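The values are calculated or read from the model by the stated rules, or taken from the named source; none is laboratory data. In this text the structure is predicted, and so the values were computed from the model without any measurement. FYI the Cβ positions are ideal-geometry reconstructions off the backbone, even for glycines, and counts take in every protein chain you see.
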Amino acid sequence: MELSQVRYFATLCKTLNFTRAAEQCNVTQPAFTRAIQRLEDELGGPLIFRERNLTQLTELGRAMRPHLEAMLDAADAATALAAAKRQHTPSSLKIGLGPGIGAAAVADAVKEVLKALPDAKIHFEESGPAALIEAMLTDMLDCALLADDCDMPDRLNRWPLYTDRAVAVLPADHQLAARNAVTARDLLEETIIVSDRCGGFAAQLASITGFSLRLQSCNGAAAQMLDLVAAGLGVALLSDRLRIAAPLTSRIFGEPELPRRIMLTAVAGRPLNPAAASFVKLCRARAFH
Amino acid sequence: MVQQVASHGFLEQVVREGAMFPDFMLPSAEGRLVSLDSQLARGPVVVSFFRGEWCPFCRIMLAALAEELPRIEAAGGSLLALTPETGGLALTMKTFHNARFDVLCDVDFGVGLAAGAVFRVPKLYRARCEAAGLNFPERHGNSAWCIPVPATFVLDRDGRVAWRFVDADFSHRAEPADIIAALRQLGAQ
């Protein structure tokens, strides 16, 4: 298929009017119609019903629209990024991070975006899934990393990035630090510090094991949880992707494992600025181990 | 599939000799952003589209290019391989062949579309892929069921197509000797 055919189709989807769409694309109507026909030939059927007073997408047209729009965006983004790099176009990258999801895994991608677009402004926002999704839908965020157990609307594209697991974070001189891994049983005598903002590993653990665990709720971010662990209040269950520094240490949480699939999400059909588009591409291109 | 692709005048759409190749910047297998113009600043560039890590003909072609890379470089050229596959498959492809050239991830076929080299997989072929366990939506990170024709382009320093190889039959690939000859001709100009 040809770039112009896809561009014409995308314009036609918006206008549902051949004359207006051809005008917007700056081509004559016969040329416009021919291009759409050729695209229909290639895709194996009509994309548009052509009736006198009614132009609307066929089932095939509706099915192909999001894919063709995504390809068109990708084509435009590849060019726009190259141009933005040359022209130092100001750009911004706004990334949402769901509960307990750190930026460590995507930090390389951010660094690479800044290498190409040094003027880009980076903004991270940590929040609950519903707030992040709302922020993406209202164009306040470009994309977000979310665990796949939250409710995502169909309008959200999602790509699996990695699976994170819980680790038990404890002071380095804690008796459990002598073990290679910590199990649910080991924690029966411990206070577990819980925060809704840090991934809900402890709640998941309680529901899987049925153990009555001693939970201390603290509605804080990971940094505050770590402060409380350092003060000797108890043990925290956090994502293995967070960097834990001395005097704290972390041990793999072995039985049961508490895995979460972390997805990169972005609103379907919304073109991203060069910084955001390149970030999403970098994340999608690679494997996260 | 070959006939179906050829019969739609597909090859007419692929960017031709003398035309500018679409400008781009894409992520590499190692997670860097690589731009065509920074590559062109070093000399002529060979851009080659691959269908994916799963394709046996692509493997043969990639192995041949990896082997011929010293001669491609000696003729003044550098090489960029483009694949639509995501999730680390570009790196798998690159390490499997020990390739020293960049394998770039053409996420959502953007450059392939701009070069006119992408087509939708016909129904019958799609059914065969699915039966063979080839999950394109997972590999591509989109459900468009498209792939590029394995076309190869030699671009001059300005990014203009000096030579191209395109064939609807995916088992036919550019000969490294022809690529090198095209590069030498550019060097002689």
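Overview of values
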item: Of the criteria (1) within 11 Å of another protein chain (Cβ to nearest Cβ); (2) more than 17 Å from residue A:14 (Cβ to Cβ), which one residue A:69 fails; result: (2)
item: Residue B:158 in contact (Cβ under 8 Å) with a residue 60 or more places away in the chain and surrounded by fewer than 19 Cβ atoms within 10 Å (Cβ to Cβ); result: yes
item: Residue within segment A:242-251 that is polar (S, T, N, Q) and in a strand (DSSP E or B) present; result: yes
item: Scan of segment B:139-148 for residues that are more than 8 Å from chain A (Cβ to nearest Cβ) and either of a type in the set (D, E, K, R) or part of a strand (DSSP E or B) (or both), ordered by number; result: B:139, B:147, B:148
item: Matching strands (runs of 3 or more DSSP E) fully within segment A:176-240 where at least 3 residues are crowded, with 17+ Cβ neighbours inside 10 Å and touching a strand residue (DSSP E or B) at 6+ places or on another chain (Cβ under 7 Å); result: A:191-194, A:235-239
item: Set B:76, B:52: member being at positive phi, touching a Ser or Thr at 6+ places or on another chain (Cβ under 9 Å), in contact (Cβ under 8 Å) with a residue 24 or more places away in the chain and of a type in the set (Gly, Ala, Ser); result: B:52
item: Some residue of segment A:254-272 being buried (at least 23 other Cβ atoms within 10 Å of the Cβ), part of a loop (DSSP other than H, G, I, E, B) and within 12 Å of chain B (Cβ to nearest Cβ); result: no
item: Any hit, segment B:159-169, residues being at pLDDT 95 or above, within 14 Å of another protein chain (Cβ to nearest Cβ) and more than 13 Å from the chain's Cα centre (by Cα); result: yes
item: Single residue of B:153, B:136 found to be crowded, with 19+ Cβ neighbours inside 10 Å, closer than 25 Å to residue A:281 by Cβ, modelled with pLDDT of 95 or more and more than 12 Å from chain A (Cβ to nearest Cβ); result: B:153
item: In segment A:85-138, the residues that are out of contact with any strand residue (DSSP E or B) (no Cβ under 7 Å at 6 or more places or on another chain), assigned to a loop (DSSP other than H, G, I, E, B) and surrounded by 16 or more Cβ atoms within 10 Å (Cβ to Cβ); result: A:89, A:91, A:99, A:117
item: Qualifying residues in segment B:84-128 (those that are on the phi > 0 side of the Ramachandran plot and part of a helix (DSSP H, G or I)) - the one nearest to the other protein chains (Cβ to nearest Cβ); result: B:108
item: Residue match in segment B:63-79 (condition: more than 19 Å from residue B:183 (Cβ to Cβ) and at pLDDT below 95); result: yes
item: Failed item, numbered, when residue A:41 is tested on (1) part of a helix (DSSP H, G or I); (2) modelled with pLDDT of 95 or more; result: (2)
item: Looking only at segment A:63-106, and only at residues there that are under 15 Å from residue A:276 (Cβ atoms) and among the acidic types (Asp, Glu), the one that is farthest from the chain's Cα centre (by Cα); result: A:76
item: Matching residues, segment A:22-38, being over 27 Å from residue B:121 (Cβ atoms) and in a helix (DSSP H, G or I); result: A:22, A:23, A:24, A:29, A:30, A:31
item: One residue from A:59, A:40, A:2 being without any contact (Cβ under 8 Å) to a residue 24 or more places away in the chain and within 13 Å of another protein chain (Cβ to nearest Cβ); result: A:40
item: Number of the exception - residue A:133 against (1) touching a residue at least 60 places away in the same chain (Cβ under 8 Å); (2) closer than 17 Å to residue A:282 by Cβ; result: (2)
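Every residue, every condition in (1) in contact (Cβ under 8 Å) with a residue 40 or more places away in the chain; (2) under 29 Å from residue B:140 (Cα atoms), yes or no:
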{"position": "A:160", "(1), (2)": "yes, yes"}
{"position": "A:209", "(1), (2)": "yes, no"}
{"position": "A:215", "(1), (2)": "no, no"}
{"position": "A:223", "(1), (2)": "no, no"}
{"position": "A:239", "(1), (2)": "yes, yes"}
